[in-house]
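Beneath this line is the structure, given in C-alpha cells, with notes to follow.
The values are calculated or read from the model by the stated rules, or taken from the named source; none is laboratory data. Remember, predicted model here, so these are calculated numbers, not experimental data. Cβ: placed from backbone, ideal geometry, glycine included. Neighbour counts: every protein chain shown. Each accessible area value is taken on the protein alone, full model and side chains, heavy atoms only, with ligands, DNA and RNA left out. Shrake-Rupley method; radii C 1.70, N 1.55, O 1.52, S 1.80 Å.
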Amino acid sequence: SGAEGLTLSSTDITIASGDLLFGTSAKGVNLGVTSNTDANTLEDYEEGNWTPAPVQGTVTLYQNQWYVKVGQLVTCYMYLYNWSENSSSNQVQISGLPFAFESAHESYFSVACTGTPSIPNVDQTLGPYGRIGQAGNNTIGLEIGYSASQSVVFQYAHLGSGNGHITATFSYVTAS
C-alpha cells in the first residue's frame, strides 16, 4: 500500500483518483512481459486535432479532424468536401499529417468517397484508398487501383465538380 488512493495487490495497481505521474528521469510505463527494454516502454500518449489540406486548392473540413497517438502508433480521422480544385489530372494529395511517418512502415488504408465523384472503372480496382509514404513524410496520396501493373491515381478531376466527400479513419507508425 502506498499514497492515498493507491492500492497495490499481487496482480494489479489501482489508482482511486488522480493521475499516475512519473519523475522527470522516468521513461514511461514498461509493458515488457519477458524483458524490460525501451521497445516495451509506453512513453507517449497524446490526443489532438490536425488540419488536413489538399496540396492543390482548398477544401471544407467536416467537424473535428482528430488524432490519438499511443507510442509510435497514431490513428487519425479526416472528412473533406467542397473541393475548389476539381479539374486537374494531378493526384489528390492531402498534407498536414500530425506526425511524420516512419519510412520503413508505409501504410495503406481504405477511403470512403461519397457525394458525386466520377471514379473510373479500372482493372483490379481496389479502392479509392490512401497511401502514406508515397507523397512525402506528412502527405497522403490517394489512388484508385492498379491497371496493367501500374498504380492509377485518384485525380482532382474525379471529385465530381468538387462535391466528392473523402472520409477515412486510419493508423500509421510515426518516426518518433
Test: residue in region 39-46 that is in a loop (DSSP other than H, G, I, E, B), in contact with an Asp or Glu (Cβ under 6 Å, 6 or more places away or on another chain) and modelled with pLDDT of 65 or more = no
inquiry  = Looking at (1) closer than 17 Å to His158 by Cβ; (2) surrounded by 15 or more Cβ atoms within 10 Å (Cβ to Cβ); (3) modelled with pLDDT under 85, which one does Gly130 not meet, given that it meets all the others?
reply    = (3)
request  = Quick one: in region 96-122, of everything that is loosely packed, with under 15 Cβ neighbours inside 10 Å and among the polar types (S, T, N, Q), which residue is nearest to His158 (Cα to Cα)?
outcome  = Ser118
query = Just one of Thr58, Thr51 is open to solvent by 40 Å² or more (accessible area, probe 1.4 Å), among the β-branched types (Val, Ile, Thr), outside any strand (DSSP E or B) and touching a Gly at 6+ places or on another chain (Cβ under 7 Å); which is it?
reply = Thr51
message = If I filter region 141-154 down to residues being more than 21 Å from the chain's Cα centre (by Cα) and part of a strand (DSSP E or B), which single residue comes out as modelled with the highest pLDDT?
response = Val152
ask   = Which residue pairs have Cβ atoms closer than 8 Å, lie 6 or more positions apart in sequence or on different chains, and pair a first residue in region 161-175 that is farther than 19 Å from Val59 by Cα with a second residue that is open to solvent by 10 Å² or more (accessible area, probe 1.4 Å) and at pLDDT below 80?
value = Ala175/Asn137
